[in-house]
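Data block below; observations after.
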Amino acid sequence: MLKWFSISFLVVFLDQWTKNIVVDAMSLGDRISVFNYFSWVRWHNEGAAFSFLADAGGWQRWFFIALAFFFVAFLANELRNLKERVSILHLVYTLIIGGALGNTIDRLVNGYVVDFILVHYDQYYFPAFNLADSALTLGAVMWAIILIREVIQEKRVDSQGNE
């Protein structure tokens with residue numbers, strides 16, 4: 001368990017470290033173009049993914065904090081209950097826990113999440129994000145793939161058993 005929680009805390013550390021670099025080096029709203037499709041920015045997000053509920057008046061901060069603590073506790077318990085052998089689910093839960101905690105620290109300390117990675121093409125922009133968001137997204141995508149594969153496998157077994 002220590003190994004997996006260490007990875008979660010590494011995600012948190014890297015997330016907070018990079019956000020601190022951005023906060024120290026840039027003012028709110030600054031943008032530094034690196035490539036035609038990539039920029040460093042300093043933006044604050046009071047909402048969730050894609051600024052969902054960003055203008056909700058403040059209650060969303062505590063809602064997202066509570067939701068994160070609930071989900072982290074749930075996943076930590078799931079991680080603890082996984083079999084001893086290493087599975088991809090260990091990594092999935094670890095990434096999601098680390099990402100959720102990274103953004104929760106921002107919400108607790110600042111009331112918003114610091115986003116600093118901006119991917120764009122011409123006038124098309126993907127919402128700015130950070131390392132915690134990346135860990136959460138990677139973990140969620142991996143989890144979805146695992147679930148889809150399990151459903152496909154179960155259907156194969158059912159169709160072979162019912163013939």
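The values are calculated or read from the model by the stated rules, or taken from the named source; none is laboratory data. Since the structure is predicted, the reported quantities are computational estimates derived from the model, not experimental observations. Don't worry about glycine lacking a Cβ; one is built from the backbone with ideal geometry, like all the others, and counts go over all protein chains shown.
Looking only at residues in segment 104-131 that are assigned to a loop (DSSP other than H, G, I, E, B) and hydrophobic (A, V, I, L, M, F, W, C), which one is nearest to L67 (Cα to Cα)?
For segment 104-131, the residue satisfying everything is A128.
Pick from segment 123-138 the residues that are in contact with a Leu (Cβ under 6 Å, 6 or more places away or on another chain) and among the small types (G, A, S): which of them is surrounded by the most Cβ atoms within 10 Å (Cβ to Cβ)?
At the first step, the residues of segment 123-138 found to be in contact with a Leu (Cβ under 6 Å, 6 or more places away or on another chain) are 128, 131, 135, 138.
Within this subset, residues satisfying the condition of being among the small types (G, A, S) are 128, 135.
Details: A128: 23, A135: 27.
Going through the qualifying residues, I end up with A135.
If the Cβ limit is 7 Å and pairs must be 6+ apart or interchain, which residue in segment 69-82 that is without any contact (Cβ under 8 Å) to a residue 40 or more places away in the chain and closer than 17 Å to A135 by Cβ pairs with which residue that is aromatic (F, W, Y) and surrounded by 13 or more Cβ atoms within 10 Å (Cβ to Cβ)?
As it stands, the answer is L75/Y93; E78/Y93, since those pairs meet every condition given.
Is it true that I96 is in a helix (DSSP H, G or I) and at pLDDT 95 or above?
It is true that I96 is in a helix (DSSP H, G or I) and at pLDDT 95 or above.
Cβ-Cβ under 7 Å, sequence separation 6+ or interchain: first residue in segment 27-38 and over 15 Å from D122 (Cβ atoms), partner among the hydroxyl-bearing types (S, T, Y) and assigned to a strand (DSSP E or B). Which pairs?
Correct list of pairs: R31/S39; I32/S39.
Need the failing condition index for V22 against (1) over 15 Å from A128 (Cβ atoms); (2) modelled with pLDDT of 90 or more; (3) among the hydrophobic types (A, V, I, L, M, F, W, C), just the number.
Among (1) over 15 Å from A128 (Cβ atoms); (2) modelled with pLDDT of 90 or more; (3) among the hydrophobic types (A, V, I, L, M, F, W, C), the lone unmet condition for V22 is (1).
Spot the failing condition for V141; the list is (1) free of Cβ contacts under 8 Å to residues at least 24 places away in the same chain; (2) loosely packed, with under 11 Cβ neighbours inside 10 Å, and only one is missed.
Answer for V141: the failing condition is (2).
Quick check on this structure: which one of S33, S87, S6, S39 is more than 30 Å from R149 (Cα to Cα), surrounded by fewer than 17 Cβ atoms within 10 Å (Cβ to Cβ) and either at pLDDT below 90 or out of contact with any Gly (no Cβ under 7 Å at 6 or more places or on another chain) (or both)?
Matching residue, one of S33, S87, S6, S39: S33.
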